[in-house]
Amino acid sequence: LFVLFVIMLLGYSIFSKTKIKIWPKTEILTLKETVIIDPTIEKTDFSSKIIPGTIFTDTRTSSKDFQATGKVKKEERARGIIRVYNAYSTSSQVLVANTRFVSAGGKLFRSIKREVIAGGRYEKGKFVPGYTDIEVRAAEPGEEYNIGPTTFSIPGFAGTPKYTAFYGKSFAPMKGGFKGEVSQVTQEDIERAKLETDEELKNESKNFLRKTTPQEYVLLDSLIFQETVKENPSVEPGTEADSFSFEAQIRSEGIAFKKSDIEELAEDIIFSNLPPDKKFQE
């Protein structure tokens, strides 16, 4: 019986076991704190919750071309130079402003201001007409007055000996005659160019700061500050042009902080808010 008792005791102690598992009861600790990032300090101030920051900057300039969308009716009269000859006498001849000149093709031009046509002279017994170059303008707007070099008569002298003795010649085409619709740069065009150029520059500058900031730093979009340093449209609103350019300069400044600094501060905040009977599981 004793031997049987010993065998049973040994069997019970060897083959019979109980496993007990113990694990901690956990809960989430949620905290909300305001943290100051100060580029003027070098070490974290845990009591004031201030961590050091580093400023990264970028300045860039861009110029883009834009189409003018405005339309305006325009009328211009052709202009040019006529050489008016005086084959009448050695005395000068005054021509009042708006004196009429008719081309060989029947186009009417007028002198812009009062002119004095020089008198002729005698050289070796031969009379040489005097002349004066004057500016004239077409009587009406239109391309049809952009005529080539030709001769001109003065209707005001018709019926007098001066009619054939005073005449004009042009040696270059008349230019500038126009009648129609032209493109014009509007205030809305300038504003559109400003918005597009600024937006493109700001996006480029932000992306540059994000890519060039070292990996150990954190740069939040809310900590990137941008300003337009320069804006320069090539023309003013109301200018007649098919297109124009707009130049702008943007300066960006981002305040970044190290990941290790914010993690250390977060850990300090957690431990300072942890009840004494609880343990933080990192």
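The values are calculated or read from the model by the stated rules, or taken from the named source; none is laboratory data. The shown structure was predicted, so the numbers you read here are calculated from the model rather than taken from an experiment. Here Cβ is always computed from backbone atoms with ideal geometry, including for glycine, and neighbour counts include all displayed protein chains. The accessibility values were calculated without ligands, DNA or RNA, using every heavy atom of the protein model including side chains. Shrake-Rupley method; radii C 1.70, N 1.55, O 1.52, S 1.80 Å.
Please give the strands (runs of 3 or more DSSP E) falling wholly within the stretch 162-278 in which 2 or more residues are open to solvent by 60 Å² or more (accessible area, probe 1.4 Å), within 30 Å of Pro129 (Cα to Cα) and in contact with a Ser or Thr (Cβ under 8 Å, 6 or more places away or on another chain).
166-169
Any residue that is among the basic types (Lys, Arg) and in a loop (DSSP other than H, G, I, E, B) - is there at least one of those in the stretch 88-106?
Start the filter on the stretch 88-106 by keeping residues that are among the basic types (Lys, Arg), which leaves 100.
Still in the list and also in a loop (DSSP other than H, G, I, E, B): none.
Checking the stretch 88-106: not a single residue is among the basic types (Lys, Arg) and in a loop (DSSP other than H, G, I, E, B).
Are there strands (runs of 3 or more DSSP E) fully within the stretch 10-85 with at least 2 residues that are of a type outside the set (Val, Ile, Thr) and open to solvent by less than 100 Å² (accessible area, probe 1.4 Å)? List them. Talk me through it step by step, then tell me what you get.
Working: elements: 36-38, 50-52, 54-67, 70-76.
Passing ranges, in order: 54-67, 70-76.
List, please: which pairs have Cβ atoms under 6 Å, are six or more places apart or on different chains, and start with a residue in the stretch 269-282 that is at positive phi and end with one that is surrounded by 10 or more Cβ atoms within 10 Å (Cβ to Cβ) and of a type in the set (Lys, Arg)?
none
Can you tell which of Gly119, Gly125, Gly156 is free of Cβ contacts under 8 Å to residues at least 12 places away in the same chain, surrounded by fewer than 18 Cβ atoms within 10 Å (Cβ to Cβ), farther than 30 Å from Asp242 by Cβ and of a type outside the set (D, E, K, R)? Before you say what the answer is, go through the steps one by one.
Values: Gly119 fails: free of Cβ contacts under 8 Å to residues at least 12 places away in the same chain; Gly156 fails: free of Cβ contacts under 8 Å to residues at least 12 places away in the same chain.
On inspection, the qualifying residue turns out to be Gly125.
If I ask for residues that are open to solvent by 60 Å² or more (accessible area, probe 1.4 Å), assigned to a strand (DSSP E or B) and under 11 Å from Leu108 (Cα atoms), which ones from the stretch 128-147 would you list?
Listed by number, the list holds a single entry, Arg137.
Quick one: Lys258 ticks every box in (1) closer than 30 Å to Thr40 by Cβ; (2) basic (Lys, Arg); (3) modelled with pLDDT under 95; (4) more than 11 Å from the chain's Cα centre (by Cα) except a single one, so which number is it?
Evaluating Lys258 over (1) closer than 30 Å to Thr40 by Cβ; (2) basic (Lys, Arg); (3) modelled with pLDDT under 95; (4) more than 11 Å from the chain's Cα centre (by Cα) leaves (3) as the failure.
Please work out which residue is nearest to Glu188 (Cα to Cα), limiting yourself to the stretch 38-68 and to residues that are more than 25 Å from the chain's Cα centre (by Cα) and basic (Lys, Arg). Even if it seems obvious, please write down each step before you answer.
Start the filter on the stretch 38-68 by keeping residues that are more than 25 Å from the chain's Cα centre (by Cα), which leaves 38-55.
Okay, now just the ones that are also basic (Lys, Arg), so 43, 49.
Values: Lys43: 51, Lys49: 48 Å.
The extreme case among them is Lys49.
Checking the condition under 16 Å from the mean Cα position of the chain (by Cα) and not basic (Lys, Arg), which residue from Gln215, Gln249, Gln184, Gln281 passes? Steps first, please.
On the way: Gln215 fails: under 16 Å from the mean Cα position of the chain (by Cα); Gln184 fails: under 16 Å from the mean Cα position of the chain (by Cα); Gln281 fails: under 16 Å from the mean Cα position of the chain (by Cα).
Matching residue, one of Gln215, Gln249, Gln184, Gln281: Gln249.
Looking only at residues that are among the basic types (Lys, Arg) and surrounded by 14 or more Cβ atoms within 10 Å (Cβ to Cβ) in the stretch 92-116, which one is nearest to the chain's Cα centre (by Cα)? First the steps, then the outcome.
Going through the stretch 92-116, the residues among the basic types (Lys, Arg) turn out to be 100, 107, 110, 113-114.
From the residues that got through so far, the ones that are surrounded by 14 or more Cβ atoms within 10 Å (Cβ to Cβ) too are 100, 107, 110.
Numbers: Arg100: 48, Lys107: 45, Arg110: 44 Å.
So the residue we want is Arg110.
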